[in-house]
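Heads up, the thing below is written out as structure tokens.
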Amino acid sequence: MGLNIAQKILKEHLVSGEMIQGKEISIRIDQTLTQDSTGTMAYLQFEAIGLPRVKTKKSVAYIDHNTLQAGFENADDHRYIQTVASKHGIYFSRPGNGICHQVQLERFGVPGMTLLGSDSHTPTGGGLGMLAIGAGGLDVAVAMGGGAYFLTTPKVCKVELTGKLNPWVAAKDIILEVLRVLTVKGGVGKVIEYAGEGVKSLSVPERATITNMGAELGATTSVFPSDEITKAFLKAQDRESDWVALAPDADATYDEVVTIDLNTLVPMAAQPHSPDNVAKVSDIGKIKVNQVAIGSCTNSSYLDIMKVSKILKGKTVHPDVSLVIAPGSKQVLNMIAENGALADMVAAGARILESACGPCIGMGQAPCTDAISLRTFNRNFEGRSGTVSASVYLVSPEVAAVSAITGVLTDPREFGDAPVIETPTAFMVNDNMVVAPAPEGNDVQVVRGPNIKPFPVNTEMQENVNGKALIIVGDNITTDHIMPSNAKLLPYRSNIPYLAEYCLAPCDEMFPARAKQNGGGFIIGGTNYGQGSSREHAALVPLYLGIKGVIAKSFARIHMANLINSGILPLTFVNEADYDGIDEGDDLAIEQAIDQIKAGDVLKVNNITKHKTFEVSIVLSDRQSDILLAGGLLNYTKKLSEQA
């Protein structure tokens, strides 16, 4: 039986286990990336492991998230990351060089390789034919040290693309349609693999837009073939030698097949407040728009920005609209500055932001009260923009640019001929903003600012796990809820004690105080708890507050892994009706927890207040069980090294 692309890469990188669905395997990681929002913690953890140099083929540290320097905190983190990267063999992408996923695609990604990144949108690399996976910082730290990455053997869902996109219909509309069909939970436990004749009509940046937002499906990752289009892109980046062909076998099998007819797609939008709340732009209607933001790791490539510039050329942004544009990398910015496209956008009234994540993560450009904001980004969770009352719609660059001119949400097919931009045969290559690490053996002083605090480390699992139900939350709680990440809090990503004051505050402002007062306890959640960003802080901060376990109806993949890595029990209700039987303040107890975890997948929880017992599931591999019993991955890793 033939193999699909995902299986081929997994098999090539397999370190341990058998590729049987639902079983844990480990794979070798070729490349890693971090960004500054998660990077400081990842490198503190790498230092704690105690290895002198990274052992990957290439590891890159990017500065692209915390770039507003209103105080010393962000600049201090940047200096720490640069010095620790130099010391340990990591390339450093300086502030201004661009968004990690865009630069990685342009300059470092290699088809057929594995990439592990401390950012949930690392699957962007799948547009190049990589198996690129987002993970928590500690998983990335272990991979940098040469350790394998563990995952559950995924199902593989083939998305068959037939036909070809019509004018004004974009790659963004493809992934929005996939989200409409599969929902934000539809990719859990799966790799999404794209195939079919429609693939040949998509450029690498368009493919990367699609794999980028595969994160919103909850998927492990998404991947495209590596074909002649991939080869041409790498050749234009002066990296043709990195190209390898990668395609499924003719008799490859899949667990699920979804067919998308590109001929039938029309401009779409994800309505507030979820990426899968998708409708046709024409059906939503001409709602008044206050802000348009173009950029992010989803839609900031040279092709995206050139289409926007062609639409804006000779026009003027509507007087009631604030238009901001962030080119995804220095390469993109250099090229549009040289060919005049930048001037066309500025002349139209666009405000040009630096090549960074910016508004996508709430770092500046918060819209006005009750605003309608059109964004070419990947997430529209409530409050993520920095304005709780704002309504954010996710759209293609074409819809965004046309609507910026008209002042209302507009189907661009009403606007005349669509701009056609060809992929350049040669991109401007200038890597002078990437700093190579110091040669091995050089004495590099790592500089730590006063805002960098030690990260919390758990203790070994106790025999009895007791605590109050501190908070009860609903479905689709995101990591933005658990650990808010706005412009005011991002500078404190290396200061867990400070961040702890805001944990779950969007759900209940009194939660941090209640957790401290009770010495920790349990969080009770609904379905898909922890969706969204890979941010490890959504586990580290609860750990600092003494959270012993999260009992939910279901978990998002990365967050569940981060909880295990922190030594926090991720428990799911065997009978979801038991969720309704818990009230805030109930005393819960798991007696003989160690023996129960060793014995099997089902644990008994006593609700002492209600005099009831209910069952929870915790499906773990032997390794994950040992990690929890050790009090987290760092303790487990140190224990293994001591035994070696």
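Mind jotting down a quarter of the surface of the convex hull over the alpha carbons of region 5-263, in square nanometres, one decimal?
Its Cα hull, projected and averaged over all orientations, spans 14.2 nm².
For Val444 and Ser621, what is the calculated FRET efficiency with R₀ set at 35 Å and r taken between the beta-carbons, to the nearest 0.05?
Efficiency at R0 = 35 Å is approximately 0.40.
Which residue, chosen from Gln596, Leu634, Gly530, occupies the Cα position most advanced towards the positive end of the dipole of region 465-643, where the dipole is computed from +1 (Lys, Arg) and -1 (Asp, Glu) charges on Cβ about the Cα centre?
Checked the options; the winner is Leu634.
What distance in nm separates the simple spin-label points at Ala247 and Thr425, each placed 7 Å from Cα in the Cβ direction?
2.5
About its Cα centre, what dipole magnitude does the chain give when the only charges are +1 on Lys and Arg Cβ and -1 on Asp and Glu Cβ, stated in debye to the nearest 20?
880
If the limit is 18 Å between Cα atoms, which of Lys164/Lys310; Lys11/Lys200; Lys158/Lys190; Lys280/Lys307 go over it?
Lys164/Lys310; Lys11/Lys200; Lys280/Lys307
Dividing the alpha-carbon Rg of region 38-94 by 2.2 N^0.38 Å yields what?
Here the Cα radius of gyration is 1.12 times the empirical estimate.
Report the semi-axes of the equivalent ellipsoid for the chain in whole Å, largest first, where each axis is √(5λ) for an eigenvalue λ of the Cα gyration tensor.
Ellipsoid semi-axes (Å, largest first): 37, 27, 25.
Please identify the trypsin sites (Lys or Arg not before Pro) of region 477-543 that satisfy two criteria: DSSP loop assignment and at most 15 other Cβ atoms within 10 Å. Which are they?
When the trypsin sites (Lys or Arg not before Pro) of region 477-543 are filtered for loop state and at most 15 Cβ neighbours within 10 Å, Lys488 remain.
Which shape class applies to region 183-313: rounded if a/c is under 1.5, otherwise prolate when a/b exceeds b/c and oblate if not, where a ≥ b ≥ c are the square roots of the Cα gyration tensor eigenvalues?
oblate
Quote the relative contact order of the chain in percent (integer), defining contacts as alpha-carbon pairs under 8 Å separated by 6+ residues.
Relative contact order here is 14 percent.
Step through the residues of region 203-211 one at a time and calculate ³J(HN,Hα) from phi using the Karplus curve (6.51 cos²θ - 1.76 cosθ + 1.60, θ = phi - 60°), rounding each to whole Hz and writing x for Gly and Pro.
Here the 3J(HN,Hα) series is 6, 4, x, 5, 4, 5, 4, 5, 5 Hz.
If you filter region 4-59 for GluC sites (Glu not before Pro), then keep DSSP loop positions with at most 15 other Cβ within 10 Å, what is left?
Within region 4-59, the qualifying GluC sites (Glu not before Pro) (loop, at most 15 other Cβ atoms within 10 Å) are Glu18.
So what is Rg over Rh here for region 430-470, counting just Cα atoms and using Kirkwood for Rh?
A ratio of 1.29.
Counting only other residues whose beta carbon sits under 10 Å from that of Arg535, what net charge do I get with K and R as +1, D and E as -1?
-2
Multiply the residue separation of Asp508 and Lys286 by 0.36 nm, subtract the distance between their alpha-carbon atoms, and state the gained length in nm to one decimal.
Residue separation times 0.36 nm, minus the Cα-Cα distance, leaves 76.4 nm.
Are there GluC sites (Glu not before Pro) in region 409-497 that DSSP puts in a loop and that have at most 16 other Cβ atoms within 10 Å, and which ones?
Glu422, Glu440, Glu460, Glu463
Using a 10 Å cut-off on Cβ atoms, rank the peptides 369-376, 615-622 from the highest mean neighbour count down.
Most protected by this proxy first, the peptides run 369-376, 615-622.
Counting pairwise Cα distances across region 270-413, what percent come out greater than 21 angstrom?
Cα-Cα pairs of region 270-413 separated by over 21 Å account for 35 percent.
If each residue of separation counts as 0.36 nm, what is the full-extension length gain between Lys185 and Glu642 once their alpha-carbon separation is subtracted?
Between Lys185 and Glu642, full extension yields an extra 160.5 nm.
Below 9 angstrom from the Cβ of Asn565, what's the summed charge of the other residues (Lys, Arg +1; Asp, Glu -1)?
So the surrounding residues net to -2.
Mind checking which aspartates and glutamates have their Cα closer than 16 Å to the Cα of Lys8? Skip sequence neighbours fewer than 8 apart in that chain.
Glu18, Asp30, Glu193, Asp227, Asp249, Asp251, Asp255
Which is farthest toward the positive dipole end of region 339-451 among Ile361, Ser403, Ile421, measuring Cα position about the Cα centre, with Cβ charges +1 (Lys, Arg) and -1 (Asp, Glu)?
Going by the Cα projections, it comes out as Ile361.
According to the square roots a ≥ b ≥ c of the eigenvalues of the Cα gyration tensor, what is the shape class of region 268-336, taking rounded for a/c under 1.5, prolate for a/b larger than b/c otherwise, and oblate for the remainder?
Oblate, because a/c is 1.5 or more while a/b does not exceed b/c.
For region 423-454 and region 357-403, what is the separation of their C-alpha centers, rounded to whole Å?
Each part's Cα centre sits 31 Å from the other's.
Could you name the lysines in cross-link range of Lys604, using Cα to Cα under 19 Å and dropping any fewer than eight places away on the same chain?
Here the lysines satisfying the reach criterion relative to Lys604 are Lys468, Lys548, Lys553, Lys612.
Specify whether the C-alpha gyration tensor of region 465-643 places it in the rounded, prolate or oblate class, a ≥ b ≥ c being the square roots of the eigenvalues: rounded for a/c under 1.5, otherwise prolate if a/b is larger than b/c and oblate if not.
Oblate.
Would you mind putting 346-352, 159-165, 443-449 in packing order, based on average other-beta-carbon counts within 10 Å, highest first?
Most protected by this proxy first, the peptides run 159-165, 346-352, 443-449.
What does the charge add up to near Glu615, with Lys and Arg as +1, Asp and Glu as -1, over the other residues with Cβ less than 12 Å from its Cβ?
Counting the neighbours of Glu615, the net charge comes to -1.
What are the aspartates and glutamates whose alpha-carbon lies under 16 Å from the alpha-carbon of Lys453, with same-chain residues fewer than 8 places away excluded?
Once the sequence-local aspartates and glutamates are set aside, what remains near Lys453 is Asp36, Glu47, Glu73, Asp76, Asp77, Glu501, Glu536.
Assuming 0.36 nm per residue, please report the length gained on full extension of the stretch Thr259 to Met19 beyond their Cα-Cα distance.
Answer, rounded to one decimal: 83.8 nm.
Taken together, the values in this text are just the output of simple stated rules run on the coordinates, not laboratory data. These figures come from a predicted structure and were not determined experimentally. Virtual Cβ from ideal backbone geometry, glycine too; neighbours counted across all protein chains shown.
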